[in-house]
Amino acid sequence: MFSSFFWDLDGTLYNTYPKMVESFSETLDHFGVSVDKNRVYKIMRQGSLGDAFDTFGAENGLNRHDLEEVYYPLEKKLQKPELFHGVKDILKLIKQSNGNNFLLTHRNGRSLYFMNNDNIIDLFTDFVTADQPFPRKPDPTSLNYLIEKNRVNRNDAVMVGDRNLDVDAGHNANIAGILFDPDHIIDVNSNPEYQIENMAEIQALIKK
């Protein structure tokens, strides 16, 4: 049972992948390369956006920096992403149970704009975004920062994310991990304490 929940954003709180895949496909199209969107999605989910840059760049003789210069302006046009079903209810329940929600995302401060618009930002105690100079997950530095700053009991804490690297970050910080895999696409190698396909399953894990 947990009272402190550390949340990833992309693919966990918000279903941002459809627009990320679309932006990536348009980026490759800019360089005259057509891609299988399902393959792009799998690489992003099983690894990271960086893995997608590296994979398709290597296969097509494209420089990652050049790809990023085209991709990120396209992604900034990202339409307002949707919260996954049940996210707001679980965040509220955690807070009502005297627990705490923390955000740990590789996305910049724009993520807080999404959260403010969806009226969930007040359900969070603290945040780390890409605007802060921490190493990327699975490095535990940012997670340890939030834990130590907020005096979190590691025995009552858990990292929730949609990729192995999120669970690995949790384990590297000596806390548990929940893998959210709604479409059963992950080749699980991170040994999560719990694996879920919908947010309602977290209710049973909240410390009362």
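Some values worked out for this structure:
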quantity: ³J(HN,Hα) computed for each position of region 147-159 - Karplus, 6.51 cos²θ - 1.76 cosθ + 1.60, integer Hz, glycine/proline x; calculated: 4, 6, 4, 9, 6, 7, 6, 4, 5, 10, 10, 8, 9
quantity: Per-residue HN-Hα couplings for region 42-54 [Karplus 6.51, -1.76, 1.60; θ = phi - 60°; Hz; x = Gly/Pro]; calculated: 4, 5, 5, 6, 7, x, 6, 4, x, 5, 5, 4, 5
quantity: Degrees separating the helix 64-76 axis from the principal Cα axis of the chain, which is the longest one; calculated: 60
quantity: Mean separation of Cα contacts under 8 Å, 6 or more apart, over the residue count of the chain: relative contact order %; calculated: 28
quantity: Anisotropy class of region 96-208 from Cα gyration tensor, a/c 1.5 cut; calculated: rounded
quantity: Within the accessible area of the chain (1.4 Å probe), percent carbon and sulfur; calculated: 44
quantity: Within the chain: Cβ-based charge dipole about Cα centre, in debye rounded to nearest 20 (Lys, Arg +1; Asp, Glu -1); calculated: 700
quantity: Where region 1-125 is the region considered: accessible area per residue in Å², 1.4 Å probe; calculated: 48
quantity: Loop trypsin sites (Lys or Arg not before Pro), region 111-178 (other Cβ atoms within 10 Å of the site Cβ: 15 or fewer; DSSP); calculated: ARG136, ARG151
quantity: Point-charge dipole on Cβ atoms (K/R +1, D/E -1) for region 1-59, about Cα centre, debye to 20; calculated: 200
quantity: Estimated FRET transfer efficiency when R0 is 30 angstrom, pair ALA130-ASP54 (beta carbons, to 0.05); calculated: 0.95
quantity: Partner aspartates and glutamates for LYS207 [C-alpha distance under 13 Å; skip if fewer than 8 residues away on the same chain]; calculated: ASP156
quantity: Between 0 and 90°, nearest 10: helix 17-30 axis offset from the chain longest Cα axis; calculated: 20
quantity: Which label in (i) 40, 20, 13; (ii) 25, 22, 16; (iii) 30, 17, 16 gives the computed semi-axes √(5λ) of the Cα gyration tensor in Å; calculated: (iii)
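The values are calculated or read from the model by the stated rules, or taken from the named source; none is laboratory data. In this text, all values refer to a predicted model and were calculated from it rather than measured experimentally. We place every Cβ from the backbone using ideal geometry, glycine too, and count neighbours over all the protein chains shown. All accessible areas refer to the heavy atoms of the entire protein, side chains included, with ligands and DNA or RNA removed. Shrake-Rupley method; radii C 1.70, N 1.55, O 1.52, S 1.80 Å.
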